[in-house]
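Inspection log for the structure reproduced underneath, given as structure tokens.
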Amino acid sequence: DTEVTQTPKHLVMGMTNKKSLKCEQHMGHRAMYWYKQKAKKPPELMFVYSYEKLSINESVPSRFSPECPNSSLLNLHLHALQPEDSALYLCASSQGRWSSGNTDTQYFGPGTRLTVL
Amino acid sequence: QQPVQSPQAVILREGEDAVINCSSSKALYSVHWYRQKHGEAPVFLMILLKGGEQKGHEKISASFNEKKQQSSLYLTASQLSYSGTYFCGTRPLRDSNYQLIWGAGTKLIIKP
């Protein structure tokens with residue numbers, strides 16, 4: 001089973017709203033990722049959690065706040081977003097860098113289509 | 001540096017073959033290939049780890065030329081279901097960041 005689930009599928013929010021995106025995997029993966037993807041562009045890495053610790057923050061604005069409550073869950077808290085933040089937000093997971101003999105393949109969830117008005 | 005994918009787009013008739021290339025300026029540990037259909041998530045196709053290694057997935061195969069830092073994805077006897085955007089993700093050989101660096105993508109359109 002290589003399933004990563006994300007909720008909600010679609011989200012429309014105003015610039016003053018606070019909302020959260022959720023991601024879950026039950027593959028025993030120890031690395032989880034948030035990506036942002038604009039139309040016709042490759043995924044753009046935002047954050048990486050490795051063994052439940054934030055290991056990479058790609059200079060993302062503070063209006064995006066990640067959280068990893070446990071090894072299976074990943075949240076992305078959104079506050080005071082801008083219209084240009086509208087995009088497809090993808091969660092992915094992988095075994096993790098330090099897993100022996102693995103290729104650290106990333107498996108993606110279906111994404112949340114976010115529209116900021 | 002982002003790997004260079006070519007072509008940017010290709011239109012085929014069902015049953016025709018296609019080759020998509022991914023070139024990096026850095027020495028690579030691995031190349032990962034994904035396909036993304038419109039409005040959906042990228043789906044993992046295969047990973048290439050060694051120079052000259054070829055892998056296959058149904059009628060889709062790939063090679064990795066370690067000396068040229070280049071990987072090619074081969075789609076033979078293309079089917080309508082092969083339509084989508086293909087991305088390569090590269091992992092440099094000496095990169096403490098250990099993250100995938102994504103190519104810009106190749107859009108493949110298959111017509112009946």
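Below are the figures for this structure:
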quantity: Carbon + sulfur, % of accessible area of chain B - ligands and nucleic acids excluded, 1.4 Å; calculated: 49
quantity: Trypsin sites (Lys or Arg not before Pro) lying in DSSP loop within the stretch B:3-112, provided at most 16 other Cβ fall within 10 Å; calculated: B:LYS26, B:LYS37, B:LYS50, B:LYS59, B:LYS67, B:LYS68, B:ARG94
quantity: Residue-span extension gain [B:ILE109 to B:GLN79] - 0.36 nm each, minus C-alpha spacing; calculated: 9.8 nm
quantity: For B:100-107, mean number of other protein chain Cβ atoms within 10 Å; calculated: 3
quantity: Residue-count net charge about B:LEU93 - beta-carbon cut-off 11 Å; Lys, Arg +1, Asp, Glu -1; calculated: +1
quantity: Dipole of chain B [Lys/Arg +1, Asp/Glu -1 at C-beta], most positive-end residue of B:HIS32, B:GLN69, B:TYR82; calculated: B:GLN69
quantity: Alpha-carbon centroid distance for the pair the stretch B:67-92 / the stretch A:1-42, whole angstrom; calculated: 25
quantity: The protein assembly as shown - Rg (one decimal) and Dmax (whole number), Cα, Å; calculated: 17.8, 53
quantity: Cubic angstrom per residue, convex hull over Cα atoms of chain B; calculated: 89
quantity: Per-residue average of Cβ from other chains inside 10 Å of B:36-46; calculated: 5
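The values are calculated or read from the model by the stated rules, or taken from the named source; none is laboratory data. What you see is a predicted model; the values in this text were computed from it and never measured. Using ideal geometry, Cβ is built from the backbone for each residue, glycine included, and neighbour counts are taken over all protein chains shown. Calculation scope for accessible area: heavy atoms of the full protein, side chains included, ligands and nucleic acids excluded. Shrake-Rupley method; radii C 1.70, N 1.55, O 1.52, S 1.80 Å.
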